[in-house]
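Shown next, in structure tokens, is the structure this report addresses.
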Amino acid sequence: MADQPSAEGETINIQSAGVIGAGQMGSGIAHVCALAGLDVTLSDISAEQLDKALAGIARNMDRQIGHGKITAGDKDAALKRIRTATDYSKFGDCDVIIESAVENESVKREIFKTLCASLKPEAIICSNTSSISITRLAAVTDRPGRFMGMHFMNPVPLMKLVELIRGIATEEPTFQAIRDLAVRLDKTTATAEDFPAFIVNRILLPMINEAVYTLYEGVGSVESIDTAMKLGANHPMGPLELADFIGLDTCLSVMHVLYEGLADTKYRPCPLLVKYVEAGWLGRKAGRGFYDYSGEKPVPTR
């Protein structure tokens, strides 16, 4: 069966996972996969980033222990299931590979072109893209029927939702296997069609972009906008605070995908968002965005 196209009645058993990208999202995906009992291979081009990721996973598991979510034994067993790699050569025995690289289509396409040669024929590939066409990404691989979107929310260990997105060629056994995997990871799934930004970001990012326009036009300050939405709409985080958490470069990338993919001016990225990204003020990960994070308490930058 391994070298044959999947049949409609095929049952795919996933016991091992590869994760591409050891940033915040990739680390979180590796974290939940390892806790669920999967053998995990976490890859990144930077060995230093891999070390940082493993330390972060251990710290986050300690927090879960502190909250009574897992035991120290669970943590030790999960960490032993994670191995690291700086290339794709260790992915040969993985049943599923989840790509979680930067939200840039050309980068992702190059990853998938290179990746396939290292995989067994029956392996499934998923992308954690938050906005890019699954059909287009699948088309550069040798297995579009075994390719789909698996969009986790940040932070992965805490957020319950996973969006599942089929490309036009995604086969039913692939979809069923990835849905079963999401349930095994203790996630709730929402199925989205393969349109720009899917469901969550199709709704969320234009709201954030509108908040940036509200700031840009002087309707309110950073603090006023975030306070208004937290107390007036009962949002746990204000939209500008949330933008900093997501990363302003990611927010801008999603808005570009929406604007270019749907050709509607309501998705035009706010010039102020563009300016912040050009300045390198990308949010929390850069220490500065709509807030400055250099002190004990975040301070609005505008």
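If we scan region 124-133, do we find a residue that is farther than 30 Å from ALA169 by Cα and touching a Lys or Arg at 6+ places or on another chain (Cβ under 6 Å)? The answer is no; no qualifying residue exists.
Do we find that GLU296 is assigned to a loop (DSSP other than H, G, I, E, B), among the acidic types (Asp, Glu) and over 16 Å from GLU103 (Cα atoms) in this structure? Even if it seems obvious, please write down each step before you answer.
On the way: assigned to a loop (DSSP other than H, G, I, E, B): yes; among the acidic types (Asp, Glu): yes; over 16 Å from GLU103 (Cα atoms): yes.
Considered against the rule, which asks whether it is assigned to a loop (DSSP other than H, G, I, E, B), among the acidic types (Asp, Glu) and over 16 Å from GLU103 (Cα atoms), GLU296 comes out as yes.
Taking strands (runs of 3 or more DSSP E) as the structural unit, those lying wholly within region 121-204 and holding at least 1 residues that are of a type in the set (Ser, Thr, Tyr) and either surrounded by 15 or more Cβ atoms within 10 Å (Cβ to Cβ) or assigned by TED's automatic domain parsing to the domain that holds VAL96 (or both) correspond to 124-127, 188-192. Scanning region 114-162 for residues that are out of contact with any helix residue (DSSP H, G or I) (no Cβ under 8 Å at 6 or more places or on another chain) and aliphatic (A, V, I, L, M) yields ALA117, ILE134, ALA139, LEU158, MET159. So is GLU10 among the acidic types (Asp, Glu), touching a Ser or Thr at 6+ places or on another chain (Cβ under 6 Å) and at negative phi or not? Spelling it out, it is not the case that GLU10 is among the acidic types (Asp, Glu), touching a Ser or Thr at 6+ places or on another chain (Cβ under 6 Å) and at negative phi.
Answer yes or no as to whether THR227 is crowded, with 21+ Cβ neighbours inside 10 Å, among the hydroxyl-bearing types (Ser, Thr, Tyr) and in a helix (DSSP H, G or I). Spell out how you get there, then give the answer.
Working: crowded, with 21+ Cβ neighbours inside 10 Å: no; among the hydroxyl-bearing types (Ser, Thr, Tyr): yes; in a helix (DSSP H, G or I): yes.
For THR227, the condition - crowded, with 21+ Cβ neighbours inside 10 Å, among the hydroxyl-bearing types (Ser, Thr, Tyr) and in a helix (DSSP H, G or I) - is not met.
One residue is enough: does region 44-60 have a residue meeting the conditions among the aliphatic types (A, V, I, L, M), assigned to a loop (DSSP other than H, G, I, E, B) and over 19 Å from the mean Cα position of the chain (by Cα)? So far as region 44-60 goes, no, none of its residues is among the aliphatic types (A, V, I, L, M), assigned to a loop (DSSP other than H, G, I, E, B) and over 19 Å from the mean Cα position of the chain (by Cα).
Going through (1) without any contact (Cβ under 8 Å) to a residue 24 or more places away in the chain; (2) loosely packed, with under 14 Cβ neighbours inside 10 Å; (3) part of a helix (DSSP H, G or I) one by one, ASN234 falls short only on (3). Consider THR250 carefully, then state whether it is of a type in the set (Val, Ile, Thr) and closer than 22 Å to ASN104 by Cβ. When the stated conditions are applied, THR250 passes them.
In region 277-293, what count of residues is obtained for those that are in a loop (DSSP other than H, G, I, E, B) and farther than 17 Å from ALA211 by Cβ?
Here is the first cut: in region 277-293, the ones in a loop (DSSP other than H, G, I, E, B) are 279-282, 287, 289-290, 293.
Still in the list and also farther than 17 Å from ALA211 by Cβ: 279-280, 287, 293.
Qualifying residue count, region 277-293: 4.
Every residue, every condition in (1) free of Cβ contacts under 8 Å to residues at least 24 places away in the same chain; (2) among the polar types (S, T, N, Q), yes or no:
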| site | (1), (2) |
| --- | --- |
| VAL107 | yes, no |
| ILE111 | no, no |
| VAL140 | no, no |
| MET153 | no, no |
| PRO157 | no, no |
| ILE168 | no, no |
| ARG184 | no, no |
| ASN209 | no, yes |
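If you go through region 237-256 one residue at a time, do you hit one that is modelled with pLDDT of 95 or more, exposed (fewer than 15 other Cβ atoms within 10 Å of the Cβ) and either of a type outside the set (Ser, Thr, Tyr) or within 20 Å of the chain's Cα centre (by Cα) (or both)? There is at least one residue in region 237-256 that is modelled with pLDDT of 95 or more, exposed (fewer than 15 other Cβ atoms within 10 Å of the Cβ) and either of a type outside the set (Ser, Thr, Tyr) or within 20 Å of the chain's Cα centre (by Cα) (or both).
From the set of residues in region 74-120 that are of a type in the set (Val, Ile, Thr) and part of a strand (DSSP E or B), which is nearest to ILE29 (Cα to Cα)?
Here the residue is ILE98.
Among the candidates THR189, THR135, the residue that is touching a residue at least 24 places away in the same chain (Cβ under 8 Å) and either of a type in the set (A, V, I, L, M) or farther than 21 Å from MET255 by Cβ (or both) is uniquely THR189. Restricting attention to region 137-157, the residues being under 27 Å from LYS285 (Cβ atoms) and modelled with pLDDT of 95 or more number 8.
Sort through ALA211, ALA286, ALA228 and tell me the only one that's farther than 19 Å from PRO155 by Cα and out of contact with any Pro (no Cβ under 7 Å at 6 or more places or on another chain). Before you say what the answer is, go through the steps one by one.
Working: ALA211 fails: out of contact with any Pro (no Cβ under 7 Å at 6 or more places or on another chain); ALA286 fails: farther than 19 Å from PRO155 by Cα.
Among ALA211, ALA286, ALA228, only ALA228 is farther than 19 Å from PRO155 by Cα and out of contact with any Pro (no Cβ under 7 Å at 6 or more places or on another chain).
The values are calculated or read from the model by the stated rules, or taken from the named source; none is laboratory data. This one's a predicted model, so the numbers in the text were calculated from it and none came from an experiment. Neighbour counts are summed over all protein chains in view; Cβ atoms, including those assigned to glycine, are modelled from backbone coordinates with ideal geometry.
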